[in-house]
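S.K.: So that we are looking at the same thing, I have put the structure below in structure tokens.
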Amino acid sequence: MDLFCGAGGITEGLRQAGFRCIFANDIDPDSVETFRRNHPGVETVRKSIENLDPSSVRSSLGVARGELDCLVGGPPCQGFSINAPDRVLEDPRNHLFVHYLRFVQEFNPKTLLFENVPGMLSLAHGLVVKEVEKRLVDLGYEVSKRILFAPHYGVPQERWRLIILASRVGSAPQHPEPTHRADGRANFTSGRALTYRADELAGLSLRPFVTVADAIGDLPALRAGEGAEEMQYAGPPTSSYSRRMRGATALLTHHVAPRIAPINLERLQHIPPGGSWRDIPHHLLPVGMQRARRSDHTRRYGRLSAGGLSGTVMTKMDPHWGPAFHYTQDRTLTVREATRLQSFPDAYTFAGSRVSQYRQVGNAVPVLLAKAIGTTILDSLGSPGCITVRASSRAVQFPLCQQLVRVVT
């Protein structure tokens, strides 16, 4: 079950890992329509979770207490974000986790996944996280938490997420170990000890991180204002990542470059790949930024670098918010380019206006990050009729025989 499902990034990742979603809920109409469009077999309810009765939902699904394999939830994170103008505990969004816990208590799932921004750890000295952990332990769960860096799992984007995993049928699921080597600067203060660090990864055979060009370099070139909701690809995939994102998709969707103000076009002429507002002549900067210190707003008016990672995909493709400019083309990113940076497959389509689509994509958990987490949860659950033998982080399952089996390690 996916509570606060949004456009379905977590569900898509868990689907790719081997899960089947049976129920999803969100309050946003466009997100619900997007979810239904891409996961048509799931019972999806558009309603505030505050008005959902867990007992009625369980009855309608015909699921016994304790039968559900995994309950997923990511309460809206804007109230916890370090970018929020007023990070106060009284923000009503910061109390929605209580309703997630109502569903945990009613369904008594075998495992659960709770995700949010790392800023949740510092709000009120981590009071919310401590309360979540305490209530889960009281309900009989073993709990583990880490802050994961999306590029470590093949996502071409600097994005950090707090991931809490829990189990009542054994040890808490292990968080996935990185598969790709990537360095990133933490944009949070609390919880740095919860991240995977370079020295921890020494000796592992990790792949290089997926670059921005790997992710979007095969998509047709556009000028600002050009593009179409459906169009042909310009040529074959140019990387294993773009081949993976295309899959068997025949038509490219959502590849429309927003129009851009003349002043921003003029500013763009001065910004090299990897550059930012610092490269714009002082007289062309917005008035407010003319008074900024050079150490401030480091990512505003940023142009992506072909060989680097993108910044966190935002809910608005607005250069005043962060790095929104294409690395060679004088325009901001299209919705499809944003979805590629979030590792949504090209077959995934979005409902609503373009403004709504950017918001849905920016709010999503990267699909490949969710897949990596889902794989470790499946490992922890095992399979009926099997014994699971774990060596380091790798789990191998062997069918049980009628005879006594002696395992030698």
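The values are calculated or read from the model by the stated rules, or taken from the named source; none is laboratory data. Remember, predicted model here, so these are calculated numbers, not experimental data. A quick note on method: Cβ atoms are made from the backbone with ideal geometry, for glycine too, and the neighbour counts reach across all protein chains shown.
S.K.: Which ones in segment 17-44 are polar (S, T, N, Q) and out of contact with any Leu (no Cβ under 8 Å at 6 or more places or on another chain)?
M.R.: Those that are polar (S, T, N, Q) and out of contact with any Leu (no Cβ under 8 Å at 6 or more places or on another chain): Ser31, Thr34, Asn38, Thr44.
S.K.: Could you say whether any residue in segment 368-383 is of a type outside the set (Lys, Arg), at pLDDT below 95, outside any helix (DSSP H, G or I) and touching a Gly at 6+ places or on another chain (Cβ under 9 Å)?
M.R.: The answer is yes, given that some residue of segment 368-383 is of a type outside the set (Lys, Arg), at pLDDT below 95, outside any helix (DSSP H, G or I) and touching a Gly at 6+ places or on another chain (Cβ under 9 Å).
S.K.: Looking only at segment 200-232, which residues are over 25 Å from the mean Cα position of the chain (by Cα) and at pLDDT below 95?
M.R.: Passing the criteria: Ala202, Gly203.
S.K.: Could you tell me whether segment 78-85 includes any residue that is within 29 Å of Pro176 (Cβ to Cβ), part of a loop (DSSP other than H, G, I, E, B) and at pLDDT 95 or above?
M.R.: Taking every residue of segment 78-85 in turn, none turns out to be within 29 Å of Pro176 (Cβ to Cβ), part of a loop (DSSP other than H, G, I, E, B) and at pLDDT 95 or above.
Conditions tested, residue by residue: (1) assigned by TED's automatic domain parsing to the domain that holds Ile216; (2) surrounded by 23 or more Cβ atoms within 10 Å (Cβ to Cβ); (3) of a type outside the set (S, T, N, Q); (4) in contact with a Ser or Thr (Cβ under 6 Å, 6 or more places away or on another chain).
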| site | (1), (2), (3), (4) |
| --- | --- |
| His95 | no, no, yes, no |
| Glu133 | no, no, yes, no |
| Glu142 | no, no, yes, yes |
| Pro151 | no, yes, yes, no |
| Ala166 | no, yes, yes, no |
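S.K.: Among the listed residues Gly274, Gly307, Gly311, which satisfies the condition of being touching a residue at least 60 places away in the same chain (Cβ under 8 Å), among the small types (Gly, Ala, Ser) and in contact with a strand residue (DSSP E or B) (Cβ under 8 Å, 6 or more places away or on another chain)?
M.R.: The unique qualifying residue is Gly311.
S.K.: Against the conditions (1) more than 17 Å from the chain's Cα centre (by Cα); (2) more than 28 Å from Ala172 (Cα to Cα); (3) in contact (Cβ under 8 Å) with a residue 24 or more places away in the chain, where does Ser60 fall short? Just the number, please.
M.R.: Failed condition: (3).
S.K.: Another question, if that's okay. Against the condition in contact with a strand residue (DSSP E or B) (Cβ under 6 Å, 6 or more places away or on another chain) and of a type in the set (S, T, N, Q), how does Ser353 come out, does it pass? So that I can check it myself, show each step before the final result.
M.R.: Numbers: in contact with a strand residue (DSSP E or B) (Cβ under 6 Å, 6 or more places away or on another chain): no; of a type in the set (S, T, N, Q): yes.
It is false that Ser353 is in contact with a strand residue (DSSP E or B) (Cβ under 6 Å, 6 or more places away or on another chain) and of a type in the set (S, T, N, Q).
S.K.: Any chance segment 280-302 includes a residue that's closer than 21 Å to Ser343 by Cβ and either out of contact with any strand residue (DSSP E or B) (no Cβ under 9 Å at 6 or more places or on another chain) or among the polar types (S, T, N, Q) (or both)? Break it down stepwise before answering.
M.R.: Within segment 280-302, the subset closer than 21 Å to Ser343 by Cβ is 299, 302.
Remaining after also requiring either out of contact with any strand residue (DSSP E or B) (no Cβ under 9 Å at 6 or more places or on another chain) or among the polar types (S, T, N, Q) (or both): 299.
Within segment 280-302, one or more residues are closer than 21 Å to Ser343 by Cβ and either out of contact with any strand residue (DSSP E or B) (no Cβ under 9 Å at 6 or more places or on another chain) or among the polar types (S, T, N, Q) (or both).
S.K.: With the structure loaded, tell me whether Gly6 is at positive phi, modelled with pLDDT of 95 or more and crowded, with 20+ Cβ neighbours inside 10 Å or whether it fails that test.
M.R.: Values: at positive phi: yes; modelled with pLDDT of 95 or more: yes; crowded, with 20+ Cβ neighbours inside 10 Å: yes.
Spelling it out, Gly6 is indeed at positive phi, modelled with pLDDT of 95 or more and crowded, with 20+ Cβ neighbours inside 10 Å.
S.K.: Scan Asp53, Asp26, Asp30 and give me the residue that is in contact with a Phe, Trp or Tyr (Cβ under 9 Å, 6 or more places away or on another chain) and either more than 30 Å from Pro176 (Cα to Cα) or among the small types (Gly, Ala, Ser) (or both).
M.R.: Asp30
S.K.: Quick one: in segment 254-296, of everything that is of a type in the set (Val, Ile, Thr) and assigned to a helix (DSSP H, G or I), which residue is surrounded by the fewest Cβ atoms within 10 Å (Cβ to Cβ)?
M.R.: Going through the qualifying residues, I end up with Val287.
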